[in-house]
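What follows is a set of notes on a single structure, which appears directly below.
Every number in this text was worked out from the coordinates using simple rules, so none of it is lab data. Since the structure is predicted, the reported quantities are computational estimates derived from the model, not experimental observations.
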Amino acid sequence: MDNKEKDIENKIIEILDQLKPFVNADGGDMEFVSFKDRIVYIRLLGNCVGCGLIDTTYKDGIENILFSELPDYVDGVELVM
C-alpha cells in the first residue's frame, strides 16, 4: 500500500470513528475491516446484527457520508459478517 492509499484509509477510519457514537447510541457498533479497490469493508456489531434498519444504517448513512467526504476514492461500502 502506498502513502496515498494509507492516507485515504486513515481518513476513512477517522470518518467511521466520528460516526460510531451514532451507531453506539442504539446499542450497535462497527469496525473498519479493509479498503480495497475503492470499496470500504466494515463489520456491524452489537444490536446492528439482525436489525431491520441495517440497510439504512450502512447504505443511506455510512456509505453516503463516505461518498460525500471522499467522492474521488470511495465507490461503495460492503458488510463483512
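Axis of helix 3-24 versus longest Cα principal axis of the chain: the two differ by about 20°, to the nearest ten degrees.
Just so you know, the Rg over Rh for the chain is 0.96, from Cα atoms, with Rh as the Kirkwood radius.
The antiparallel fraction among DSSP beta bridges confined to the chain stands at about 65%.
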